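Below you'll find the structure, written out as C-alpha cells, and then a few comments.
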Amino acid sequence: MKFTYQITLCSVMIFALLLSSCGKKQIPPPDIKEWQEYKDPFYGFELQYPKGWIVNAEGNRLKIYSSQEAATKFFDPASSGDGGVEIIFDSEKFSAAGSSDLTSYKTQTKEKISGLGEVGKEEPTTLGGETAEAISYESKLSSKVSIFGKRIITARDSVFYYLNIAGFNDYYTVYQPIFETMINSVKLPKPKPKTNDPNEIVKPSAEVTKFSNEFIEIQHPDNFEVSYPQKKSDVTFVMNIQGLRQDCNILIDMQSAKKASLDKVFDENKGKYKPTKTGTAKIDGVDAKYLNTSPAASIERKVYFAVKNDKMYRIILTWYKPMSSDFLPAFEKAVASLKLK
C-alpha cells in the first residue's frame, strides 16, 4: 500500500509540472535565414541585423525591433502581445556627457539604468574593437512581466558609444545568439588619424553630424559645435556652427522676407558687405544668390541668400584664408546638405 501511494504522489507531481509547463507559452527560437547590414550615412557606424526586423533611425540613435509587435510593446508595455526584443545603438560626445573617461561615464550610465530598474552584473568586454563595459539590468513591470537588458558602453575619439540589448521575459534568453551576432558585428566610425600638425585639431572633421529643427536641417563637421547667438528683433532664428578657430564658422539666420523677391532681398543687402564677387546658386532646390567679401586681413567670407515660403535665409561662411583648402570645401558641403523648411 505504501508503494502504491508513492507512485500516485509522483504521478501527481509530474502531472502538475506538465500542466504548469503547458500553461506557460514557450518562446520559439528565432529562425534567421538572412542578415542585413546597416551603414549609417552620417555617423559612420555599421551593424548587422536579421532581415525583416523593424529599423528606426533618428539622428544618431538607431533602434531595431524583432517585430512591429515588439516595437509597440517597448513603446507601450501595457499593450497586448508577448513582446520581443529591442536593440539600440547611440552615441554622445564627451562635451555633451560632461565626462572624458569610460569609468565616470559608466557611473553615469548606472545612474540612468537605476531609473529603469535594478542594476545587475557588470563585466568588462569589447565593442567595435574597443575596450568596453557591460552592465546588466532588469525592469520589473509587474509580477509576471519584466524587461531584461544589457548596456555595453565604450569610447573612441572623444565620443561615447553604447549598444543596448533588451527583451521581454524569456525573449531575452532565447534571443541571446542573435544579440551576440549583432554585438560582434558592430563597427565604430574609423579612428581619426594622429598627426603632428598643430593645425590638424582645428580642421573640420570629415565625419559629419546632423542638426535639425523646425526651420532647417544641415549636416556639419562633427568636431564643430552649435550655439545660438542673441537674435535681433526682426530675426526669427539664428545659429552658429563653429570649431576651435574663432575666425572660421557658419552662421545661419532666418527672418520674414516680407513678400520680397530674392533679387530684391539680395540688392537690399549686398551693399552692406562691399562684395568682390557675386553669383547664383541653388540651395535645397531653390534659387539663391551669393557674394564674396573680405571683412579683415586674411579672412574670407561668402554670404548666401535664399527665399522660401516668404522666409529669407542667410548663410554666412567665414574662414581663415591661409586654410581655405581645409575649411571652404567642408563649409560648401554643409551648404549643399542644407534643407530649408
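Descriptive notes on the structure:
- Taking the stretch 13-44 as the range and being surrounded by 10 or more Cβ atoms within 10 Å (Cβ to Cβ), at pLDDT 75 or above, in contact with a strand residue (DSSP E or B) (Cβ under 8 Å, 6 or more places away or on another chain) and part of a loop (DSSP other than H, G, I, E, B) as the test, the residues that pass are P30, I32, D40, Y43.
- Within the stretch 317-341, the residues that satisfy the criterion of being more than 21 Å from L244 (Cβ to Cβ) and small (G, A, S) are A336, S337.
- Residue match in the stretch 121-136 (condition: acidic (D, E) and at positive phi): no
- Search result, residues across the stretch 117-140 that are within 19 Å of S79 (Cβ to Cβ) and loosely packed, with under 15 Cβ neighbours inside 10 Å: K140
- Hey, V307 buried (at least 19 other Cβ atoms within 10 Å of the Cβ) and in a helix (DSSP H, G or I) or not: no
- Qualifying positions in the stretch 79-95 - touching a residue at least 12 places away in the same chain (Cβ under 8 Å) and either assigned to a loop (DSSP other than H, G, I, E, B) or among the acidic types (D, E) (or both): G81, D82, G83, G84, E86, D90, E92
- Residues of the stretch 310-334 classified as outside any strand (DSSP E or B) and surrounded by 20 or more Cβ atoms within 10 Å (Cβ to Cβ), total: 4
- Options K232, K259; residue that is in contact (Cβ under 8 Å) with a residue 12 or more places away in the chain, closer than 19 Å to K311 by Cα, not acidic (D, E) and not assigned by TED's automatic domain parsing to the domain that holds E92: K259
- Summed over the stretch 235-249, the residues that are touching a strand residue (DSSP E or B) at 6+ places or on another chain (Cβ under 6 Å), more than 20 Å from F94 (Cα to Cα) and either part of a loop (DSSP other than H, G, I, E, B) or in contact (Cβ under 8 Å) with a residue 40 or more places away in the chain (or both) give a count of 5.
- Odd one out for A297 among (1) within 26 Å of S205 (Cα to Cα); (2) out of contact with any helix residue (DSSP H, G or I) (no Cβ under 9 Å at 6 or more places or on another chain); (3) surrounded by fewer than 14 Cβ atoms within 10 Å (Cβ to Cβ): (2)
- The stretch 276-298 - residue that is among the aliphatic types (A, V, I, L, M) and assigned to a strand (DSSP E or B) and, of those, farthest from E332 (Cα to Cα): A296
- Among (1) crowded, with 16+ Cβ neighbours inside 10 Å; (2) within 14 Å of E332 (Cα to Cα), the one test that A206 misses: (1)
The values are calculated or read from the model by the stated rules, or taken from the named source; none is laboratory data. Keep in mind that what you see is a predicted model, and the values were worked out from it rather than measured. Here Cβ is always computed from backbone atoms with ideal geometry, including for glycine, and neighbour counts include all displayed protein chains.
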